[in-house]
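Step one of this worksheet: look at the structure below.
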Amino acid sequence: MASLRLLWYRMCYQVFRGIATPLVRFKLHYTYDKVYAKHRPYVALSNHTTLWDYLLVGVPLRRQMYFVAGEHLFRNKILRTFVMNCAGLIIRKKGAPADDMIAEMKQVLQTGANVWMSPEGARSINGESAFISPATGKLIKECAELGAGLVTYRIHGGYLRRPRWGKHQRKGRMWGEFVAEYSPEEILSKSVDEVNEIINRDMYVNTFDDQKKNPTPYTGEALAEDLETTLYVCPKCHAVGKLHSKNDILACECGYKVRFTEYGLFEAAGEDDLIIDNIATWDHWQRDYLKSRLPEFLEYPADKPVEFDDNQILKRIGALKSVDVLGEGRFGIYKDRLEFVSADETFTFPFSEIAGFAFSLQMKILFSMKDGTYYEVDSKIPRSAVKYMVLYRFLIGKEYY
């Protein structure tokens, strides 16, 4: 029998779902496939494109679900208290080990409740579904051992409607696609690699493939503004951190410039020919470019940063969601460490002592240390958090997909 808390969550879910349904249909221009899951409890997985994804999945999947959400979204005490008392939340601290989240997720499933999560762990950076950890397949198999099925769902159009780098949201169509449902028995009959193959296949969306097949306009103001928080290497001169945006133009200090159109594609805006026509392809190119320079970076003197930015803010996040501002100044990544230099103090974070590294929202950098401390770096100016993630992965000898 369901607990009183779960019954309360289910009642609140239906009330909020009733309120949210006309909102997502008419305000967000969202059409969707409804899902009537045969197996309960279930884990629902979707790609992650907007901050509204809990609505874009919660409305089509009619039954109450616990939502896995980032800790950084609920630091406001009033919001956190309200949501925790009215909806089932499983908190995930980005840039830190996921052990607590996994344990809580399993406990929830054992009560008979359902769970939604995005295995990408972050909204799409470039319009293409992001890397999904191979540990996801193992987790889904462990959930199947508890009797949980799997539902997979794709969200289309969200990236261009509200790109994570964008300064303003746009108007345009979004749609939800039910992909498949798998019983616990089906999941248990497959290897972890086979489950991961299912997840990666079912989650994959490439916004620009969608646009080339069925061009859809996404209109708004300043369409390219803050795009340099995602694209950070110029494809003409190969300079890092020299791209700047204004209105619908992204331009490098070398003179190369492109226009970002309402169809989400680039067109030439200066004297140079267009080099790359979409964000996803550009992003893959810039990652490969940084990787090609890795041997050079590893030979840098100890005091030479691989990359740095000024006008940064270092914060320490406490156990009770408290935020302590430690200083403002320069944040840099070196071949063996992260470093923050303020007017009063220098903070050094050796790679060997870092437990996890992530980024969130538009520009936040998040990392945790092996001693349990947890830090956030924010920026006063448009700058890319992604470039630090990519460089960190390469410098510690790992791939970035």
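Bear in mind these aren't lab numbers, they're just calculated from the coordinates by the rules spelled out. What you are looking at is a predicted structure, and each value in this text was computed from that prediction instead of being measured. Note that we place each Cβ from the backbone using ideal geometry, even for glycine, and neighbour counts take in every protein chain shown.
Across every pair of different alpha-carbon atoms, what Kirkwood hydrodynamic radius in Å does the chain reach?
Details: mean 1/r = 0.0447 Å⁻¹.
Its Kirkwood hydrodynamic radius stands at 22.4 Å.
With a threshold of 31 Å on the Cα-Cα distance, the over-threshold entries among 27/291; 171/398; 167/213; 106/335; 171/335 are 27/291; 171/398; 106/335; 171/335. Which one of 390, 118, 19 is farthest out on the positive end of the charge dipole of the chain, using unit charges on Cβ (Lys, Arg +1; Asp, Glu -1) and the Cα centre as origin? The listed residue farthest towards the positive side: 19. Couplings for the stretch 53-64, taken from phi via the Karplus curve 6.51 cos²θ - 1.76 cosθ + 1.60 with θ = phi - 60°, read 4, 4, 7, 5, 9, x, 6, x, 8, 6, 8, 4 Hz in order; Gly and Pro are left as x. Partners of residue 246 within straight-line reach, counting aspartates and glutamates whose Cα lies under 14 Å from its Cα and excluding those fewer than 8 residues away in the same chain: 221, 225, 226, 228. Within the set of other residues whose C-beta is less than 10 Å from the C-beta of residue 352, count the net charge using Lys and Arg as +1 and Asp and Glu as -1. Value of the local net charge: 0. With K and R counted +1 and D and E -1, the other residues having a Cβ less than 9 Å from that of residue 128 yield a net charge of -2. Start at zero, step by 10 Å, and the Cα-Cα distances of the stretch 4-213 spread as 8, 35, 40, 16, 1 percent across the bins.
Of the GluC sites (Glu not before Pro) found in the stretch 189-268, those in coil by DSSP whose Cβ has at most 16 other Cβ atoms within 10 Å are 221, 253. A Gaussian network model of the chain, with springs between Cα atoms under 10 Å, assigns the largest mean-square fluctuation among 363, 11, 389 to 11. Our Cα-only numbers for the stretch 227-292 put the radius of gyration and Dmax at 10.8, 33 Å.
Here the scattering of the stretch 183-228 is modelled by Debye summation over its C-alpha atoms, one equal scatterer each and no solvent; at q = 0.30, 0.32 Å⁻¹ the log10 of I(q)/I(0) is -1.06, -1.09. Straight-line reach from residue 304: taking Cα to Cα under 13 Å and skipping same-chain neighbours fewer than 8 places apart, the aspartates and glutamates in range are 296, 336, 339. All C-alpha to C-alpha distances of the stretch 301-395, sorted into 10 Å bins beginning at zero, yield P(r) values of 16, 55, 27, 1 percent in whole numbers. Placing +1 on each Lys and Arg Cβ and -1 on each Asp and Glu Cβ, with no other charges, gives the chain a dipole about its Cα centre of roughly 1620 debye. Here, the stretch 93-202 yields an orientationally averaged convex hull projection of 7.7 nm² when only Cα atoms define the hull. Neighbours of residue 208 by Cβ distance under 9 Å: Lys/Arg scored +1, Asp/Glu scored -1, total -3.
Calculated mean residue ellipticity, 222 nm, the chain: -8500 deg cm²/dmol, from DSSP H runs (n ≥ 4) at -39500 (n - 2.57) each, averaged per residue and rounded to 500.
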